[in-house]
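J.: Can you read through this structure? Questions will come right after.
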Amino acid sequence: MGENLIPSHLVSYPDNIFILHKKTVLNELKAATAAIFTLQSGSQTLRFRAYSFENPPEVPRQGVAVQLGEGMVGAAAETGEQIVAPDVLKEPRYRFLDVLPETLSEVSLPLKIENTVLGVLDVQSDEYDAFDEIDLMVLGALADNIAVAVQGARLYTDLRIQASQISSVVEVSHALNSIIDLDLLLDEVVYLIH
């Protein structure tokens, strides 16, 4: 595991969906699946955003959500602490999923920047007690990198929105300074605002 695995795991798309590549982390660990959930500021719901499966089932990204405190994923987001279940059948917060019936152990790691939880990285294995201390350190580092990527994508989106708003203000200002006829001016302002 000597190579730097972390940066190549994440691919960012314009719609802020992230895909975790299975051929790196999942093959190095005894993990069969990994999923990323994100939490919007002020929300009580984590949105399922991306996954990596050994043999991918049909899983819709849209509409899959977890409430704060619900299951291991929701509990990790609510507490900001990682949750490790060496045997999911002994973990009261574990939620069985039809698409992942072979899950025997699981770890849910919060994606945090300082004390702010941005989401959860959830990794599952089809082996009992699959995650040792080194695996948890690697997954913790991965979760930290994903958190930075999520925050960066959000900041980029916010900046893009602000730039668009500023551009609109400049266009309206230009219209205000260049059109003398009041009716034409108001029509142009309404058009530019819309």
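Only the coordinates and a few stated rules stand behind these numbers; no lab work does. Remember, it's a predicted structure, so these values are computed and weren't measured experimentally. No Cβ is skipped: glycine too gets one built from the backbone with ideal geometry, and neighbour counts run over all protein chains shown.
J.: Would you mind computing, in nm to one decimal, how far apart the modelled labels at residue 132 and residue 40 are, each placed 7 Å from Cα along Cα→Cβ?
T.: The two pseudo-label positions are separated by 4.3 nm.
J.: Could you work out the per residue convex hull volume over the alpha carbons of segment 66-110, in cubic angstrom?
T.: That works out to 64 Å³ per residue.
J.: Next question, about the same structure. Could you compute the net charge surrounding residue 188? Neighbours are other residues with a C-beta less than 13 Å from the C-beta of residue 188; K and R count +1, D and E count -1.
T.: With Lys, Arg at +1 and Asp, Glu at -1, the neighbours total -4.
J.: With all distinct Cα pairs included, what does the Kirkwood hydrodynamic radius of segment 109-183 come out to in Å, to one decimal, could you say?
T.: Values: mean 1/r = 0.0618 Å⁻¹.
Its Kirkwood hydrodynamic radius stands at 16.2 Å.
J.: Sorted by packing (mean other beta-carbon atoms within 10 Å per residue), highest first, where do 32-43, 128-139, 87-98, 66-77 land?
T.: In decreasing order of mean packing, 32-43, 128-139, 87-98, 66-77 become 66-77, 32-43, 128-139, 87-98.
J.: For segment 59-163, what is the Kirkwood hydrodynamic radius in Å, using each pair of distinct C-alpha atoms?
T.: After inverting the mean inverse Cα-Cα distance, the result is 14.7 Å.
J.: Separate question: Run the simple label-point estimate for residue 65 and residue 81 please: 7 Å along Cα→C-beta, distance reported in nm.
T.: 2.7 nm
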